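Okay, so here's the structure we're looking at.
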Amino acid sequence: MQTDFLVIGSGIAGLTYALKTARQFPDKKVAIITKTQADETNTKYAQGGIAGVWDEEKDSYDKHIEDTLIAGDGLCNPHIVEIVVKEGPDRIKEIIGYGAEFDKDEKGEYSLGKEGGHSENRILHHKDVTGREMERALLAQLQETPNIELINHCFVVDILTQHHLGFLVTKSTTDITCYGVYVLNLHTNKIEKILACITLLATGGAGQAYRTTTNPRIATGDGIAMVYRAKGRIENMEFIQFHPTALYEPGVSPSFLITEAVRGDGGILRNKQGEAFMERYDSRRDLAPRDIVARAIDNEMKKTGTEYVYLDCRHMDKEKFIHHFPNIYEKCLSIGIDVQQQMIPVAPAAHYSCGGIKTDEWGRTSIQHLYACGECASTGLHGANRLASNSLLEAMVFAHRCYLDSMEKIGQVSFETTIPDWNAKGTGEPKEMILITQSQKELQQIMSDYVGIVRTDVRLERAMKRLDLLFTETEDLYRSTKVSPQLCELRNLITVGYLIVKGAQFRKESRGLHFNTDHKEKSSLLQNTIL
Ligand code: FAD
Ligand code: SIN
């Protein structure tokens, strides 16, 4: 197959880019590939909303910029922060134009929520299912765009570069070029080759590297691992954001999120003794940035020997709660918790990858003709800790920027038709699929036990040794077995785990989401971790 534009991923980033390019070039072909079905994405589960300066009387770009920089703890790129904050409102208007609906108040004005680290109310939302609404609006637009082909149930295995033409490609090769991808077609179980002039990775996050995560099954860091294998640049992987308040439900995966907007509306965190402990940690209390709240909860859990703390909503107005958070209300009721009567047990869960594929201000990766945007990318916006609800915003702003840049490139690129077909020689049917499942569980255990919210040098070293063994075993399996999505995901998660540990070992300080008790101070050297 050949396509002018190839988009990997159907979340907010991939869909926004695909719609824009397809409409700009009605004669060109745009293909979107997803590994399961189109709406199974992190995007669909986004609850709280999308941040943007909307009420210009109370809010300002400067305030949103400052909040983002404070949360990012010294590592944001101020130029990128300014771009995202200033271009964001136009992108929000665009998705409203596509039909996405955000809640309004009695006066017909957008009702703006507040979350941790925000100095003003600036979160547009659709109840507590904002992502689902945005995904719905974008997918509906796809139906009206005939030159987009949506290809579900196809697993992208690797991006194609000069390596596949037999050339030696290393980290110092300056002109690594992407020619498309190898993809496992899950309908035929065959690996096919898709050639593209321009490829966009919008493959989302990697929460599945941890045992407890808010991320759905698809979030296995595939794009990040593919770029790393292709010798592209990855950065800041140590900054894994743990959401402070995932519903505590042992054995249930992924964890159900209790949006931060609940605290924005007055919810209070309490420990086992019923004490509202956040005031002991930060003057912003329950609405401090996420890294601070998650660490405080972790500390309280360790001190009191519990696996959770409580989110107290009993004092909140029932009707207002049900109006803003109907999904959370129903979910809690379904497990026997009436939020008016009982407190909600919550615990931190891996939620968001702040680092990823390094891109410039146009979403260009270090590999030619390859763009990345959305959660898989590291644009410089989040630094050491993402400000709540800045992710959907970043995805839309950068999807637009990738589109603008690729619009100029498309005329200069042609297909590389000499790429060989996939060679499956020497591989057989997998004998024991259970080995793959077990290795994935082991990986999640290692990452949760040794590379979680609080790290130490010894823990990181242990993690690396254990990952090394898993890596060797999995590479052996990969060389001898027919490729399956499960095996590829395991391989990708091990790579992501390795990159997180490597980044964490490199950073001899505590900053933002990376907290190492052997290096508690901040270093005066501000640097990204380039891997
Ligand atoms: P995704 O939406 O995750 O899409 C990834 C796509 O890539 C999927 O289509 C998948 O099939 C495809 N893909 C991946 N690998 C492959 C492969 N190998 N082959 C083929 N296809 C592949 N952010 C906010 O700003 N506000 C919020 O309120 C908010 N709430 C959140 C709540 C939850 C529970 C979660 C999990 C996240 C939340 N986030 C929120 C974060 C935000 O939702 C995500 O960062 C964002 O949606 C990511 O979008 P994306 O387009 O980059 O990727
Ligand atoms: C939430 O709703 O609390 C999640 C928001 C985010 O991850 O940005």
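Values quoted throughout were computed directly from the atomic coordinates according to the rules given, and no laboratory measurement underlies them. Remember, it's a predicted structure, so these values are computed and weren't measured experimentally. Using ideal geometry, Cβ is built from the backbone for each residue, glycine included, and neighbour counts are taken over all protein chains shown.
Listing for the model above:
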read-out: Segment 62-133: trypsin sites (Lys or Arg not before Pro) in DSSP coil with no more than 10 other Cβ atoms inside 10 Å; value: LYS107
read-out: Farthest toward positive dipole pole in the chain [+1 Lys/Arg, -1 Asp/Glu at C-beta], among VAL397, SER480, PRO78; value: SER480
read-out: Net charge dipole size for segment 31-108 [Lys, Arg +1 and Asp, Glu -1 on Cβ; Debye, nearest 20]; value: 360
read-out: Helix axis angle, 457-480 relative to the chain longest principal axis, alpha carbon, degrees; value: 40
read-out: From phi via Karplus (6.51, -1.76, 1.60), per-residue ³J(HN,Hα) for segment 193-208 in Hz, x at Gly/Pro; value: 10, 10, 8, 9, 6, 10, 10, 10, 8, 9, 8, x, x, 9, x, 5
read-out: Percent antiparallel among DSSP beta bridges (both partners in the chain, rounded to 5); value: 60
read-out: Degrees separating the helix 485-506 axis from the principal Cα axis of the chain, which is the longest one; value: 60
read-out: Spin-label model distance (nm) - ARG270 vs THR306, 7 Å beyond Cα toward Cβ; value: 0.9
read-out: Farthest toward positive dipole pole in the chain [+1 Lys/Arg, -1 Asp/Glu at C-beta], among VAL169, GLN37, LEU150; value: VAL169
read-out: Gain in span if fully extended, LEU435 to ASP360, counting 0.36 nm per residue against the direct Cα distance; value: 23.1 nm
read-out: For segment 362-367, 3J(HN,Hα) per residue [Karplus equation, 6.51 cos²θ - 1.76 cosθ + 1.60, θ = phi - 60°, Hz, x = Gly/Pro]; value: 10, x, 7, 8, 7, 9
read-out: Dipole moment magnitude, nearest 20 debye, segment 386-531 about Cα centre, only Lys, Arg, Asp, Glu C-beta charged; value: 420
read-out: Cut-off under 5 Å, modelled amide H: who pairs with LEU160 long-range; value: TYR179, GLY180, VAL181, TYR182
read-out: By average C-beta atoms within 10 angstrom, highest first, the peptides 287-296, 317-326, 436-445; value: 287-296, 436-445, 317-326
read-out: Anchor LYS482: lysines whose Cα lies under 30 Å away (excluding residues fewer than 8 positions away in-chain); value: LYS35, LYS171, LYS190, LYS193, LYS231, LYS425, LYS431, LYS441, LYS465, LYS502
read-out: Cα-based shape type of segment 21-161, given that a ≥ b ≥ c are square roots of the gyration tensor eigenvalues and the cut on a/c is 1.5; value: prolate
read-out: Computed over the chain, the ratio Rg/Rh where both radii use C-alpha atoms and Rh is Kirkwood; value: 0.95
read-out: Cα shape, segment 369-438, gyration tensor, a/c 1.5 rule; value: oblate
read-out: Segment GLN143-ASP282, length gained on full extension (0.36 nm per residue, minus Cα span); value: 45.2 nm
read-out: Extension gain from SER414 to ARG479, taking 0.36 nm per residue of separation minus the Cα-Cα distance; value: 20.2 nm
read-out: Ellipticity estimate at 222 nm from DSSP helix runs (n ≥ 4, -39,500 (n - 2.57)) divided over the chain, nearest 500; value: -11500 deg cm²/dmol
read-out: Nearest-ten-degree value, helix 290-304 long axis tilted from longest Cα axis of the chain; value: 60
read-out: ³J(HN,Hα) computed for each position of segment 236-247 - Karplus, 6.51 cos²θ - 1.76 cosθ + 1.60, integer Hz, glycine/proline x; value: 6, 5, 5, 8, 8, 8, 9, 6, x, 10, 9, 4
read-out: Total charge dipole magnitude, segment 398-484, about the Cα centre, Cβ charges on Lys, Arg, Asp, Glu only, Debye to nearest 20; value: 180
read-out: GLN368 paired with ASP405, simple spin-label distance in nm, labels 7 Å along Cα-to-beta-carbon; value: 1.5
read-out: Residue among ALA261, GLY503, LEU460 farthest towards the positive dipole end of the chain, charges placed on Cβ; value: LEU460
read-out: Global geometry of segment 196-253, whether rounded, prolate or oblate, following the gyration tensor of its Cα atoms and the 1.5 cut on a/c; value: prolate
